Amino acid sequence: MNELVIDRNAGGIDVALLFNKQLVELIKEESVSSFQIGDVYLGKVKKIMPNLNAAFLDVGHERDAFLHYTDLGANFKSILKLTKIITQGGLKKGSLDEFALEEEIVKTGKVSDILKKGDEILVQIFKEPIANKGPRITTDISFAGRYSVLVPFGKTIAISKKIDDPVHRKRLKQLTDAIRPKNFGIIIRTVAEEAGIEEIEVDLKGLITHWENMVSASRNAKPPFKVLGEISRTEALLRDLLNDDFSGIHINDAEYANTIKEYVGGIAQGRENIVKPYSGKIPIFQHFGIDKQIKSSFGKNVMFSNGAYLIIEHTEAMHVIDVNSGRKTTDASSQQENALKINMEATKEIARQLRLRDLGGIIVIDFIDLKSPTARKELHDSLTAAMKPDRSRHNILPMSKFGLIQVTRERVRPEMNIITSELCPSCNGTGTVVSSMLLSDNIEEKLAHLWSTQNVKKLTLKVNPIIKAYLTKGGFKSIRWKWYNKYRKWVKIEEDLNTHLTNFMILNESGEEIS
């Protein structure tokens, strides 16, 4: 069963997706965030880069947005023409019924032949700014709904390949063809397989309204200008994933809970009751055990089954995941059976980690060596199945002779990087602590001061067990006996496991801390 846990806080909104209580996706949406996937901007060409066959556009970000020739789309000339018409006050109703489409561009053309510095054009974000790079954009604008995707200047109706029933495909094709507006293409999504004509029509009308709002906002605009914002990441997640497997959406903010309840009612009528406001005193992520899962899932070492673990390393060029058996043992009679079993279990955690951290680019996975071709194929199939729910585009190569599997995964948002370690209270992150010798001198100085200035008869020193051992080792030659011989005062030393290595407390005879 799927659950969403939403923490609305001062910094923005944190969304955790749970599958059978296990954290599988974590999304952070900052309150001041901009340039989200799906946002539409009116941009202006700043530079043409012939060597890259690309252009850089000013869309208002501190770094120019990147537009490659392959991201122009076949109907680039139509969107360029439309931009000029709209920004000059034309196309009052947003309809394309009377719009004359321009010829499509060739796939092997050059940016420099169709774009020039100073051109203004409507673009859409399809990769958010990452690290020191600006957003990546496309002029192939589209609007995604729950059941369909509206493609301006398109001419066809496409049905999701995952809908393989010919009866359903024919029905959806006929339904959509009857309501498709002129000069718009439509893509039918997988979730629409059992949907009725009314549901698809309502969804499509919402997308057309989205298009009309974009046209209206663009009229007489000057770049750089944000024309249209995409729905929130929470709503986008629900739009793409909401199904009968969702048992609850828990939100710690009553006002936002009403917003999400209204959205859920709009895309899945009758399911509003799964939205549940949370008002407990314990923070919502702590209540649902998410904080603990975050701490255990984002470190360098990740345990996944009875001592077996992953080591996840990051380099400039790629991510590397190493599968280790640890102390894990099974009842399998052979080492190869044991290795296959651990590897198969690792595929589930690897798929979860890629999705949870949103790792992109090249990922190299070093599994435990398998000699059998059958076992290698079985492992590859297992990883493929485990990654099937991952919505990011990915490709999994067969295992190499060295036991490595290479995965490429598209990342469209900044990688999730959470620090799971805490600052050491003893060294404050420096990696060094005061030497035991200097610490004993510090303790002696405090004791001598108390003995000489205050009328105290008995003092108790509470220290870490390691420090106690240092102060008392050697019997009559120990540091404590040296203090007694020097000051003719005896100090009782107690060990305290909760006292950090370089900390100590001095208590009077009533047990009160005096230093």
When the residues of the stretch 118-143 are narrowed to those that are among the acidic types (Asp, Glu) and touching a Lys or Arg at 6+ places or on another chain (Cβ under 8 Å), which ends up farthest from Ile186 (Cα to Cα)?
Asp119
Kindly indicate which of Lys341, Lys300, Lys377 is out of contact with any Leu (no Cβ under 7 Å at 6 or more places or on another chain), under 27 Å from Leu26 (Cβ atoms) and either surrounded by fewer than 20 Cβ atoms within 10 Å (Cβ to Cβ) or not β-branched (Val, Ile, Thr) (or both).
Lys300
Within the set of pairs 6+ apart or on separate chains, which have a first residue in the stretch 171-200 that is farther than 17 Å from Asp240 by Cβ, a second that is among the acidic types (Asp, Glu), and C-beta atoms under 6 Å apart?
Ile179/Glu201; Lys182/Asp97
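Kindly indicate the residue of the stretch 461-501 that is among the β-branched types (Val, Ile, Thr) and not in a helix (DSSP H, G or I) and also modelled with the lowest pLDDT among those meeting that condition.
Thr499
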Return yes when Gly38 is touching a residue at least 40 places away in the same chain (Cβ under 8 Å), of a type outside the set (D, E, K, R) and farther than 29 Å from Arg355 by Cβ and no when it is not.
no
Any chance you could count how many residues in the stretch 474-513 are open to solvent by less than 40 Å² (accessible area, probe 1.4 Å) and of a type in the set (Ser, Thr, Tyr)?
3
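Return the total of residues in the stretch 1-45 being more than 17 Å from Gln124 (Cα to Cα) and part of a strand (DSSP E or B). Break it down into steps so the answer makes sense when it comes.
Step one: of the stretch 1-45, the residues more than 17 Å from Gln124 (Cα to Cα) are 1-32.
Narrowing further to those that are part of a strand (DSSP E or B): 2-9, 12-19, 22-30.
So the count comes out to 25.
Only one of these is hydrophobic (A, V, I, L, M, F, W, C), in a strand (DSSP E or B), under 28 Å from the mean Cα position of the chain (by Cα) and crowded, with 18+ Cβ neighbours inside 10 Å: Ile137, Ile121, Ile141. Name it. Break it down into steps so the answer makes sense when it comes.
Working: Ile121 fails: under 28 Å from the mean Cα position of the chain (by Cα); Ile141 fails: in a strand (DSSP E or B).
Step by step, each of Ile137, Ile121, Ile141 is checked, and only Ile137 is hydrophobic (A, V, I, L, M, F, W, C), in a strand (DSSP E or B), under 28 Å from the mean Cα position of the chain (by Cα) and crowded, with 18+ Cβ neighbours inside 10 Å.
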Just to be sure I understand, how many residues within the stretch 284-308 are basic (Lys, Arg), touching a Ser or Thr at 6+ places or on another chain (Cβ under 6 Å) and free of Cβ contacts under 8 Å to residues at least 40 places away in the same chain?
0
Among the residues of the stretch 74-92, which ones are in a loop (DSSP other than H, G, I, E, B) and either crowded, with 21+ Cβ neighbours inside 10 Å or at pLDDT below 90 (or both)?
Asn75, Gln88, Gly89, Gly90, Leu91, Lys92
Checking Ser95 against (1) under 30 Å from Ala195 (Cβ atoms); (2) under 34 Å from the mean Cα position of the chain (by Cα); (3) of a type outside the set (Asp, Glu): exactly one of these is not met. Which one?
(2)
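Could you list, in sequence order, the residues of the stretch 272-286 that are among the aliphatic types (A, V, I, L, M) and open to solvent by less than 80 Å² (accessible area, probe 1.4 Å)?
The initial filter retains those residues of the stretch 272-286 that are among the aliphatic types (A, V, I, L, M), namely 274-275, 282, 284.
Across the stretch 272-286, the qualifying residues are Ile274, Val275, Ile284.
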Pull out all pairs, ordered by first then second residue, where Cβ-Cβ is under 9 Å, the residues are six or more apart or on different chains, the first lies in the stretch 436-457 and is farther than 15 Å from Ile514 by Cα and in contact (Cβ under 8 Å) with a residue 60 or more places away in the chain, and the second is in a helix (DSSP H, G or I) and open to solvent by less than 80 Å² (accessible area, probe 1.4 Å).
Leu439/Ile467; Leu439/Tyr470
Quick test for you: out of Val45, Val106, Val111, pick the one residue that is farther than 30 Å from Val5 by Cα and open to solvent by 30 Å² or more (accessible area, probe 1.4 Å).
Val106
Can you find, within the stretch 13-31, the residue that is surrounded by the fewest Cβ atoms within 10 Å (Cβ to Cβ) among those that are at negative phi and more than 13 Å from the chain's Cα centre (by Cα)?
Ser31
For Gly154: the one exception among (1) closer than 30 Å to Ala268 by Cα; (2) without any contact (Cβ under 8 Å) to a residue 60 or more places away in the chain:
(2)
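The values are calculated or read from the model by the stated rules, or taken from the named source; none is laboratory data. Computed from a predicted model, the values in this text were never measured in an experiment. Cβ: placed from backbone, ideal geometry, glycine included. Neighbour counts: every protein chain shown. Just the protein is used for accessible areas: all its heavy atoms, side chains included, with ligands, DNA and RNA removed. Shrake-Rupley method; radii C 1.70, N 1.55, O 1.52, S 1.80 Å.
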